[in-house]
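> Handing you a structure now.
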Amino acid sequence: MNISEILIREPYMVEEIAYLLQAEDNEKAMLFEKAAQVKKAFVQNKVYFRGLIEFSNRCRKNCLYCGIRRDNVHVRRYSLTDEEILDAARFACENRYGSVVLQSGERGGDGYTKRIEHLLKKIGQLSNGGLRVTLSCGEQSYETYRRWLEAGASRYLLRIETSNPELYKKLHPNDRHHRFEMRRKSLDDLKRAGYQVGTGVMIGLPFQTYEDLANDLLFMKQFDIDMVGMGPYLEHPHTPLYAFRERLLSREDRFQLALKMIAVLRLMMKDINIAAATALQAIDPMGREKALKVGANVIMPNITPGKYRNDYTLYENKPCTDENADDCQSCLEARIAFVRHEIAYDEWGDSEHFKEREKGQGGE
Ligand code: SF4
């Protein structure tokens, strides 16, 4: 295969994507350069901020790779109070972030649904409708998704983690709470409910092949996703998947693979929002900024109160757990300016792709 020819003939076949994901040296530089050009043409060098509020690490699930899985007894469990959540949202508003993400482990029940509904309404009031809210609260019923949308949420992030059902089985307990089909159905429900829908995968998992990753990108394209958050898989010692760490690529190779995934996705889906995942920064201090250079356009500064951040560790060596939200902001501004990008303060930064999708469905 010839990379120059592949780069100009999108849509790609699975083998072509797998080839791009293995590009090295000069070919990798060509891939990154092309992705940077496409990004500049379609979403410019703007970076949208999403203030991330990790409001609880309690979870009913037991995913085999996750540091806050239900059975990990080493975790100190916490839930922010409503006031702490609203204070964080106020911080985002005052600092002109445009959007916040409410993220937690997966919970269910009417009390949880109502609480999120209440918080969404409160955030709408305190920001005078100025903050967009993304939810990342796992698999819920269609009715719950609708209720949250009506209460003020507009985006939802639900990572498929892998689009290969067989690999999905290796990453999750074999029970009715961890079904690939349910995950897939939840994504369909979110789209039907009217959200801007985001998904993502882990990159560099044990048992994962380049073809799996290529199919992950094709899955996102076929699903016509609006936003993506994906990053390198980072092993956590208090998880069952840690037993397979000998099979992993080096951290640097996983990092490079994640950058290539972002670059190829930008070529395939030119106008979507792509987040520069915090997991990139866990490997390379400039990881998120490197991702911006090859296709990402969203950063999620952590605005969870500092005292809780050490307890939301999905993986080891999570960065910035000892900082407060102000520290994060000044640090990020300097880093983003360094890679010649501009923070889009006061902008919602809705996915251009979603706007086009809406128009196609007769929306405004
Ligand atoms: S990945 Fe999400 S659903 Fe799975 S255990 Fe972790 S927090 Fe819970």
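> For the subset of the stretch 60-96 comprising residues that are open to solvent by 50 Å² or more (accessible area, probe 1.4 Å) and β-branched (Val, Ile, Thr), which member is nearest to the ligand (Cβ to nearest atom)?
Here the answer is Val73.
> Looking at the stretch 159-183, which of its residues are out of contact with any Leu (no Cβ under 9 Å at 6 or more places or on another chain) and surrounded by fewer than 17 Cβ atoms within 10 Å (Cβ to Cβ)?
Pro165, Glu166, Lys169, Asn174, Asp175, Arg176, His177, Arg179, Glu181, Met182
> Does the stretch 41-53 contain at least one residue that is surrounded by 23 or more Cβ atoms within 10 Å (Cβ to Cβ) and either free of Cβ contacts under 8 Å to residues at least 24 places away in the same chain or within 16 Å of the ligand (Cβ to nearest atom) (or both)?
The answer is yes; a qualifying residue exists.
> While we're on this one: Only residues that are in a loop (DSSP other than H, G, I, E, B), in contact (Cβ under 8 Å) with a residue 24 or more places away in the chain and over 27 Å from Arg254 (Cβ atoms): list them for the stretch 172-215, please.
The answer is His177, Gly194, Tyr195.
> If you check Gly229 against the conditions, is it small (Gly, Ala, Ser), crowded, with 16+ Cβ neighbours inside 10 Å, closer than 23 Å to Tyr65 by Cβ and within 15 Å of the ligand (Cβ to nearest atom)?
Answer is yes for this residue.
> Same structure again: Which residues, counting only those in the stretch 184-211, are crowded, with 19+ Cβ neighbours inside 10 Å and under 22 Å from Ile17 (Cβ atoms)?
Leu187, Val197, Gly198, Thr199, Gly200, Val201, Met202, Ile203, Gly204, Leu205, Pro206, Gln208
> Which residue out of Arg146, Arg159 is in contact (Cβ under 8 Å) with a residue 60 or more places away in the chain and of a type in the set (Lys, Arg)?
Checking each option against the conditions leaves just Arg159.
> Here are some residues: Leu126, Leu120. Which one is aliphatic (A, V, I, L, M) and either open to solvent by 10 Å² or more (accessible area, probe 1.4 Å) or within 15 Å of the ligand (Cβ to nearest atom) (or both)?
It is Leu126.
> Scan the stretch 102-117 residue by residue and report those that are open to solvent by less than 30 Å² (accessible area, probe 1.4 Å) and within 14 Å of the ligand (Cβ to nearest atom).
Residues satisfying the conditions are Leu102, Ser104, Gly105, Glu106, Tyr112.
> Does Ser163 satisfy the condition of being hydroxyl-bearing (Ser, Thr, Tyr) and over 22 Å from the mean Cα position of the chain (by Cα)?
Spelling it out, it is not the case that Ser163 is hydroxyl-bearing (Ser, Thr, Tyr) and over 22 Å from the mean Cα position of the chain (by Cα).
> OK, next. Take residues that are out of contact with any helix residue (DSSP H, G or I) (no Cβ under 9 Å at 6 or more places or on another chain), surrounded by 15 or more Cβ atoms within 10 Å (Cβ to Cβ) and at pLDDT 90 or above and tell me which of the helices (runs of 4 or more DSSP H) falling wholly in the stretch 280-364 contain 2 or more.
Fully inside the stretch 280-364 and qualifying: 352-360.
The values are calculated or read from the model by the stated rules, or taken from the named source; none is laboratory data. Quick caveat, the model's predicted, so the values are computed rather than measured. So basically every Cβ, Gly included, is an ideal-geometry build from the backbone, and we count neighbours across all protein chains shown. Keep in mind that these areas ignore ligands, DNA and RNA; they rest on the heavy atoms of the full protein, side chains included. Shrake-Rupley method; radii C 1.70, N 1.55, O 1.52, S 1.80 Å.
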